[in-house]
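The structure under discussion appears below in the form of structure tokens.
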Amino acid sequence: MDRCIVLVDAGYLLGAAASLLAGEPSRSRITVDHAALIQGLRERAESDTERPLLRIYWFDGAPDRVPQPEHRRLRVMPRVTVRLGALTRSDGRWAQKGVDAAMHAELTELARNRACSDIVLVTGDGDLLPGMMAAKEHGVAVHLWAVQAADGDYNQSEDLVAEADERRVLDRIWITKAVRAKDLGGICAPSPAPRPEIAAILSAPLPESALPGRGERSARDTEHAQAAPGENGSEERTPAAKGVPTPKDLAALRAPGAHAPPHPANATLRWSSDKGWVDRPGSAAESAEAAMLPTLAQLTSAEQRWADREEDITTVGGDPYEVGQVFARRWMGRLSDPAQLQKLSAMYPRVPHRIDGELLRYAARFGLLAHKDDQIDEHDRYAIRAGFWREIDVRTTAEHAPAGE
């Protein structure tokens, strides 16, 4: 059959691209426009082989072979088939398992069935040498593509290079049409614009008063907090408490048999946010209002749920900040009572528990789990919530802007 097929080892292609553009092979250091990348591979394959494309096979690893957001987007693209191997962690490093074997099996099967006249291999692994030789014996021309190496040397098996019928190098200019290095020099995500109602709290000194009987314990807690051991055994300095009761403290005061007096009416709770520590009054009325706010699931019809899934697969990139924005836009767009948006906005910077849990579960769909205890990385959580509040702030600011502005 006079047509070509492309087999892509995504680990090699994107790892080598990361080395070239970001100086290290970590795929977390690059951003990939998968639609542009697939289009570029198709055009280059048809040009080099002078044959129409039959299909692009994308081989990659995934934890438990569960498709990640990029895999879901890729497999709905025309002429793209995704094959997943396992992604396992050993000695602190992620490694693909089964990808080479799957590529070898596909390569030999396509050649044996004479499904094409030309096969393009985008890989550097010498384990594919037997498959390449078998394909050649079945009369298939094998084209080997390399990603330009960061050090100017080969990043492919020399045996593969020697056995290939044709060889091409995807240079930096070609790679940067679809891949770019992330700028990791700053904070994890843009911060929401400052809000006047929070500025006064942030500028005020933290309260120094402590609850009865806490003085001696607070001194010990402060000493411990200032030299808390980190995960790797090193000491990490953390903010010390300044006498503000935590929810746990207040619960202890309410507990049956507690010797301490009831908590004061003006007790203050402290909540963490992208703004740092923010003091908020512990109000039962606020909790009741938060419980009355609808979740996105309650606002979403079956048709909208299908459309949301389609948008997640084909459009949403999975950046934590963007994920928070998308969730907020959907929630706001489906509210029937504008007053509920104002209630939520007044709770800034704390996302109500029910909505926050739903937000983080939504974010987990995009592969944002840190793969340790199935928790989302702390920096990603900040970025998700920052994107959420930014979108809320943009909408509420626009609604309160004078006409004509």
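Readers should treat all values here as calculations from the given coordinates under stated rules, not as data from a laboratory. If you're wondering where the values come from, they're calculated on a predicted model, not measured in any experiment. Here the Cβ positions follow ideal geometry from the backbone for every residue, glycine too, while neighbour counts run over all protein chains shown.
Across every direction, the projection of the convex hull enclosing the Cα atoms of the stretch 1-80 has a mean area of 5.8 nm².
Sorting M347, M1, M292 by the number of Cβ atoms found within 10 Å of their own Cβ, with the fewest placed first, yields M292, M1, M347. With θ taken as phi - 60° and the Karplus curve 6.51 cos²θ - 1.76 cosθ + 1.60 applied, the whole-hertz 3J(HN,Hα) list for the stretch 129-143 is 4, x, x, 4, 5, 5, 4, 5, 5, 8, x, 9, 7, 10, 9 Hz, x standing for glycine and proline. Treating r as the C-beta distance of K97 and M292 and R0 as 56 Å, the FRET efficiency rounds to 0.70. The GluC sites (Glu not before Pro) of the stretch 39-75 that DSSP puts in a loop, and whose beta carbon has at most 13 other beta carbons within 10 Å, are E50. Once you put a point 7 Å from the Cα of E166 and another 7 Å from the Cα of W306, both along the Cβ direction, what distance in nm separates them? Here the modelled spin labels are 4.3 nm apart.
P(r) tail, the stretch 4-181: Cα-Cα pairs separated by more than 19 Å, 55% of all pairs.
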